[in-house]
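Nothing in this text is a laboratory measurement; each read-out follows from the coordinates by a stated rule. In this text the structure is predicted, and so the values were computed from the model without any measurement. Here Cβ is always computed from backbone atoms with ideal geometry, including for glycine, and neighbour counts include all displayed protein chains.
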Amino acid sequence: MRVHRRTRWCGNRRTDRYVLPTTPQPVGPDIPEVFVGVEELAQLVPGHWYVNFMATVPEGRRQGVGAALLNKAEEQAREGSCPGLALIVAATNENAISLYRRAGYTERARRPFDLSRFGEEPTEALLMVKKLG
């Protein structure tokens, strides 16, 4: 699992840390149009670790794998003294949303998310946040 650190100097090892802005940044012109809304959501939680592209194979679902990955991300964020975690999920991914809510994440914002070029119906991207403290 890769945890994208959207924070000041979060991380427990010097090689794991890098600096990202602690205030929202404008969406750059190099971001493909389909991902602009997603990037806008990510910019709403500066200073938080960002769980990026978490997925399990179908045969690994409903076995606690996703919960274990979220717990590991939270453990690392706490070790790095981060204020919280954030992730973005498609509004149509009801199973994932349910998992994130059980793990303590709450919805913070939504943006349009047109996945039609990938063979999916247009939907919304949801920003979900878990505060640590």
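Hey, can you tell me all the residues within the stretch 70-93 that are closer than 15 Å to Ala55 by Cβ and either among the polar types (S, T, N, Q) or not in a strand (DSSP E or B) (or both)?
Within the stretch 70-93, Leu70, Lys72, Ala73, Thr92, Asn93 meet the criteria.
Of the residues in the stretch 103-133, how many are under 14 Å from Glu74 (Cα atoms) and more than 12 Å from the chain's Cα centre (by Cα)?
5
Being part of a strand (DSSP E or B), surrounded by 13 or more Cβ atoms within 10 Å (Cβ to Cβ) and either in contact with a Gly (Cβ under 8 Å, 6 or more places away or on another chain) or on the phi < 0 side of the Ramachandran plot (or both) is true for just one of Tyr100, Tyr50. Which residue is that?
It is Tyr50.
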